[in-house]
């Protein structure tokens, strides 16, 4: 490992430990390998009665040791104290931490509390970077407007206030005044350029995958899949056709379409199965997709595992032939960089997805599958076409697509991009007004 030449403080909205690869892999492993030490400021989940008691101390010590990229500054979230309150209190530590041998501060996905980080960085004289992986203010406003969710008036008012304030902080402070801005996709970058972004101190960093840490294919599938699906004798030698969906099951994703697509495929391939790994993030949507499958009479062909640890989920996914990634084109999803398509290709699967910009680019550029309309019959036809392809042809395409992902979406390559931008920021004598440096803009070279 390269000796540290830059020390970064990362204040992230995700609690630690997190399964998000753009935190755990990019910041936790890849950047340190390039000489960037990453100290972490985050909350950690726990239920001790007192933040000073032995249970909380033990929890913090345990999770701190799991962050090997640098120091971990953690605060325990207890059941009766809102996480947002503790996050607010913890954010003020940045005024102290930014002065303790910190070369640069990155605040990630905190559109309101990020302003505290900006002030702390300015007071300490260190560069400030903002990382925006999702349009959170717009998400809060969308949730507040949902009429199919059982939210109280107070909750809706809180979401509207949080969304409105977050949009103001992003447009007035974080986006225009950051020494460097990291965004999730080229589409997000283009949208900002049409509004509050008036500088070129910005990089688009899409989601990637760590191909060196992919788990082996699962030797045994869940009990519910044994009616016609490959089991203990080894996934590679089993001909049973099946596809996998890995991700969130929120109603807003429109995944009922996958139920209809599965039924359409099963009429021609009765042995076909769909494995659904994940659960809804919104509490009101938990169990909704399974209930829809039961109403449609599709349960003989669909198996739900619920949420699984990432390694177990990918091990199961590697046993499939096809990965499906329907992402409806909405203002919230349009600017995203779905992880599913990249992970499916890395696992050797053919991909069926719709034309959400980032995943469509990945599938078309890599030749790793089919991009179709967000319609049940279109997905069904693509699945049948891929299942009917000659195994040798399918394997050749899978290898070529995997190589494209390795070169363009491997986290080792993405980390080189990010490290170059971070070092450019710290080396600039006039960060906030300097001309743009040559840097990444969406795809690693």
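Per residue, the average separation of C-alpha pairs within less than 8 Å and at least 6 apart gives the chain a relative contact order of 14 percent.
Ordering 110, 167 from the fewest to the most neighbouring beta carbons within 10 Å gives 167, 110. The stretch between residue 212 and residue 147 holds 19.0 nm of extra length on full extension. This uses 0.36 nm per residue minus the Cα-Cα distance. Computed on the range 290-425, with alpha-carbon pairs under 8 angstrom and 6+ residues apart, the relative contact order is 19 percent.
Packing around the peptides 241-252, 16-27, 276-287, taken as the average count of other Cβ atoms within 10 Å per residue, puts them in this order, highest first: 241-252, 16-27, 276-287. Against the chain, whose longest principal axis is taken from its Cα atoms, helix 153-169 shows a tilt of about 60°. Each helix, a run of at least 4 DSSP H residues, gives -39500 (n - 2.57); summed and divided by the residues of the chain, these come to -11500 deg cm²/dmol at 222 nm. Site pair residue 171 and residue 384 shows an inter-label distance of 4.8 nm when each label is modelled 7 Å from Cα along Cα→Cβ. For the pair residue 14 and residue 374, the difference between a 0.36 nm per residue extended length and the Cα-Cα distance amounts to 126.6 nm. Counting only alpha carbon atoms, the long axis of helix 357-366 and the longest principal axis of the chain meet at about 60°.
Would you work out if the range 356-406 is rounded, prolate or oblate? Take a ≥ b ≥ c from the square roots of the eigenvalues of the alpha-carbon gyration tensor; rounded if a/c is under 1.5, else prolate when a/b is larger than b/c, oblate otherwise. The shape class here is oblate.
Taking a label point 7 Å from the Cα of residue 329 along the Cα→Cβ vector, which residues of the range 354-378 have an amide N closer than 16 Å to it? Under 16 Å, as judged by backbone N against the label point of residue 329, lie 354-364, 371-376, 378 of the range 354-378. To the nearest ten degrees, helix 411-427 and the longest principal axis of the Cα atoms of the chain are 20 degrees apart. Taking every alpha-carbon pair within the range 295-342, the share separated by more than 14 Å comes to 68 percent. Take every DSSP beta bridge whose two residues both sit in the chain; close to 0 percent of them are antiparallel.
When only Cα pairs below 8 angstrom with a gap of at least 6 residues are kept, the range 271-336 shows a relative contact order of 36 percent.
The length gained by stretching the chain between residue 193 and residue 286 to full extension, at 0.36 nm per residue less their Cα-Cα distance, is 29.8 nm.
Every read-out reported here was derived from the displayed coordinates using simple, explicitly stated rules and does not represent laboratory data. Here the structure is a predicted model, which means the values were calculated and not measured. No Cβ is skipped: glycine too gets one built from the backbone with ideal geometry, and neighbour counts run over all protein chains shown.
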